[in-house]
Amino acid sequence: MPDQMCRVSDSPPLPMNHDNIKEKIIVREIVMEIEIAPGCRYFPDFLNQAAQQKLLEHIQKALLKAPLFQPTMPKTGKPFSVAMSNMGTLGWVSDKVQGYRYQETHPTTRQNWPPIPSTLLALWDDLTDFSLLPEACLINYYDAKARMGLHRDADEQNLQAPIMSLSLGDKAQFRLGGLKRSDPTRTFFLSSGDILILEPPMRIAYHGIDRVIAGASRLLAQGGRYNLTMRRITPDR
Ligand SMILES: O=C(O)CCC(=O)C(=O)O
């Protein structure tokens, strides 16, 4: 990857300053941060094995309450290959009739989404400079055939807030473009335990997942990959 900046820090993460953060995932003593482009910060291998396992348990617990569903494309109704669910006060959904949106409830169960685990809020607090906490944590599940086409995340009212993405399980080829769909793209792999942050000016950059490498990780018994993306939707509340 060209133009990388590599920052290695041996100091512990910043202290938490939000009352609702009770549990904290312990990561590495040495944290590597790579600036892939201004506004795209990559933390390879950030979560150690125990932290990945803990996070997986949080996801599994959330999915008992809010099972994975298969979103469909606006207008065509074509199903996504990625299965999804959410944690938080708001969750991202999509269907043929109403299209892309955030809503407070699961599209099938009609129940509120389970809360975002405090351990994830703590990571947001540690790694972003943003003063407001995320309201949605989208859970993407990729089996070996799933892909996510080039797109940008622009359904949020708050486009100043970063998007923080965590990868668990099989590694995936991530494609990062620019602010225009026609801009050149580059690819790199996201492996289990990696964190990626998109913030202005890359907050609304095009990106996607080209492919998942089956069998790259043994974290998930069934194989595949979970990706969590935490988003702030509203400007303030
Ligand atoms: O799976 C990933 O790493 C990317 C997910 C993504 O692009 C999204 O949820 O908008």
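The values are calculated or read from the model by the stated rules, or taken from the named source; none is laboratory data. This one's a predicted model, so the numbers in the text were calculated from it and none came from an experiment. Here Cβ is always computed from backbone atoms with ideal geometry, including for glycine, and neighbour counts include all displayed protein chains.
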> Given (1) modelled with pLDDT of 95 or more; (2) part of a loop (DSSP other than H, G, I, E, B); (3) of a type in the set (Lys, Arg), where does Lys61 come up short, assuming only one miss?
Replying inline: (2)
> All but one of (1) modelled with pLDDT of 95 or more; (2) surrounded by 21 or more Cβ atoms within 10 Å (Cβ to Cβ) hold for Arg175; which doesn't?
Replying inline: (2)
> Of all the residues that make up segment 155-175, how many are touching a helix residue (DSSP H, G or I) at 6+ places or on another chain (Cβ under 9 Å), within 10 Å of the ligand (Cβ to nearest atom) and either outside any strand (DSSP E or B) or over 14 Å from Trp92 (Cβ atoms) (or both)?
Replying inline: 1
>> Which pairs turn up if I take residues in segment 146-157 that are closer than 21 Å to Gly169 by Cβ and look for partners that are in a loop (DSSP other than H, G, I, E, B) and near the ligand (Cβ under 10 Å from one of its atoms) with beta carbon separation below 7 Å, at least 6 apart in sequence or on another chain?
In response: Ala146/Val82; Met148/Val82
>> Condition first: among the aliphatic types (A, V, I, L, M) and farther than 12 Å from Gly39 by Cα. Now tell me which residues in segment 177-212 satisfy that.
In response: Leu190, Ile195, Ile209, Val212
>> Quick check on this structure: which one of Arg211, Arg186, Arg218 is in contact with a Leu (Cβ under 6 Å, 6 or more places away or on another chain) and away from the ligand (no atom under 11 Å from the Cβ)?
In response: Arg186
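How many residues does segment 107-121 hold that are in contact (Cβ under 8 Å) with a residue 60 or more places away in the chain and buried (at least 20 other Cβ atoms within 10 Å of the Cβ)?
Number satisfying all stated conditions: 4.
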>> So in segment 118-151, with the set limited to residues that are under 15 Å from Arg232 (Cα atoms) and assigned to a loop (DSSP other than H, G, I, E, B), which one is farthest from the ligand (Cβ to nearest atom)?
In response: Ser131
> Among (1) closer than 23 Å to Asp45 by Cα; (2) at pLDDT 95 or above; (3) touching a Leu at 6+ places or on another chain (Cβ under 9 Å); (4) not hydrophobic (A, V, I, L, M, F, W, C), where does Tyr142 come up short?
Replying inline: (3)
